[in-house]
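J.: I am attaching a structure below and will ask some questions about it afterwards.
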């Protein structure tokens, strides 16, 4: 993969990018991390999240053609795959390699989920693994309760630096996209309205995005409360069969927290992991390579220091 020149200056992003990245700071700031659930609300973000919860209600007051539901479902599934494969397994955990061009394509597809730029997403997720289910975890239901871990953490003010995403900030195109991450989604929303009017905009964009939000957030909240525990980890991560199906494999959360650097969350053949199957197809096509799998000693549950897996995820 091509390497870009590392950036030595701070990256200042506006509030609406959901993140401010500043250099020469500890990550995360200890005072912020310990009391993050008491941080003030980022009102522009809160308004956006609120609108996405409310606007889909209007589908009950207008006629929705069948084809709009089909488009909405497909747009949801496509973006769900980008969240699991790209935001999560590639940008956050670097579980496979690819070309710089396809890397940018994955970043572009990821921001269509309307969950922020890949730098912010990866930075926060890496912090989650480092501090999982402690006071420094941004969204632990064990520490801060379900509501905070599911949605409230999203709308709070945070200051982050780029110390844990240096491998990503060296690419100027990713930094550029971080500033303009909302633009691709706004373009798609506009096209939906032009093509299908309010029905397609409501179902194809707003409703599908809202459901996508809750699928993503549920991994942070529900999958740290409900499910089964196969591996001993330092947190409360669970394997949840239902959410594994609903999220294309992200629900095998205990597996993932035990060995997060693997591109495969469903460790065994009977654990359905559609995102991993897609990665395998991309590997067969030569689009990605060096796909990290689960070591045999992990599958055989031999002695393994879980912290080693965490370090590999950074």
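J.: Would you point out the residue of the range 10-40, among those that are at pLDDT 50 or above and surrounded by 11 or more Cβ atoms within 10 Å (Cβ to Cβ), that is farthest from residue 127 (Cα to Cα)?
T.: Only one residue fits best here, namely 39.
J.: Looking at the range 81-106 only, could you name the residues that are over 10 Å from the mean Cα position of the chain (by Cα) and over 16 Å from residue 260 (Cα atoms)?
T.: Within the range 81-106, 81, 98, 99, 100, 101, 102, 103, 104, 105, 106 meet the criteria.
J.: Further, regarding this structure: Quickly run through the range 179-191 and pick out the residues that are free of Cβ contacts under 8 Å to residues at least 60 places away in the same chain and over 17 Å from residue 119 (Cβ atoms).
T.: Within the range 179-191, 186, 187, 189, 190, 191 meet the criteria.
J.: Checking the conditions here, which among 113, 81 is touching a residue at least 12 places away in the same chain (Cβ under 8 Å), part of a helix (DSSP H, G or I) and more than 18 Å from residue 255 (Cα to Cα)? Give the derivation first.
T.: On the way: 113 fails: part of a helix (DSSP H, G or I).
Testing whether each residue is touching a residue at least 12 places away in the same chain (Cβ under 8 Å), part of a helix (DSSP H, G or I) and more than 18 Å from residue 255 (Cα to Cα) leaves just 81.
J.: Okay, next question. Kindly check whether there is at least one residue in the range 41-51 that is modelled with pLDDT under 95, touching a strand residue (DSSP E or B) at 6+ places or on another chain (Cβ under 7 Å) and not in a helix (DSSP H, G or I).
T.: Scanning the range 41-51 turns up at least one residue that is modelled with pLDDT under 95, touching a strand residue (DSSP E or B) at 6+ places or on another chain (Cβ under 7 Å) and not in a helix (DSSP H, G or I).
J.: Whether any residue in the range 244-253 is on the phi > 0 side of the Ramachandran plot and at pLDDT 95 or above is what I want to check.
T.: yes
J.: Residues in the range 218-225: is at least one more than 30 Å from residue 68 (Cα to Cα), part of a helix (DSSP H, G or I), without any contact (Cβ under 8 Å) to a residue 60 or more places away in the chain and in contact with a strand residue (DSSP E or B) (Cβ under 9 Å, 6 or more places away or on another chain)?
T.: yes
J.: Let me ask something additional. Which count do you get for residues in the range 161-181 that are in a helix (DSSP H, G or I) and crowded, with 17+ Cβ neighbours inside 10 Å?
T.: 6
J.: Taking only the range 116-138 into account, find how many residues are part of a loop (DSSP other than H, G, I, E, B) and more than 20 Å from residue 44 (Cα to Cα).
T.: Qualifying residue count for the region: 7.
J.: Working only within the range 244-265, note down all residues that are surrounded by fewer than 23 Cβ atoms within 10 Å (Cβ to Cβ) and either more than 21 Å from residue 122 (Cα to Cα) or out of contact with any helix residue (DSSP H, G or I) (no Cβ under 7 Å at 6 or more places or on another chain) (or both).
T.: Hits for the range 244-265 are 245, 246.
J.: Under 8 Å between Cβ atoms, which residue pairs at least 6 apart in sequence (or on different chains) link something in the range 41-68 that is closer than 11 Å to residue 198 by Cα with a partner that is surrounded by fewer than 18 Cβ atoms within 10 Å (Cβ to Cβ)?
T.: 58/198; 62/198
J.: Hey, another quick one. If residue 114 satisfies every condition in (1) at negative phi; (2) touching a helix residue (DSSP H, G or I) at 6+ places or on another chain (Cβ under 7 Å) but one, which is the exception?
T.: (1)
J.: Of the numbered conditions (1) touching a helix residue (DSSP H, G or I) at 6+ places or on another chain (Cβ under 8 Å); (2) modelled with pLDDT under 95; (3) within 24 Å of residue 233 (Cβ to Cβ), residue 156 satisfies every one except a single condition; which is it?
T.: (3)
The values are calculated or read from the model by the stated rules, or taken from the named source; none is laboratory data. Just so you know, these numbers come straight off a predicted model, no measurement behind them. Backbone-built Cβ (ideal geometry, glycine too); neighbour counts: all protein chains shown.
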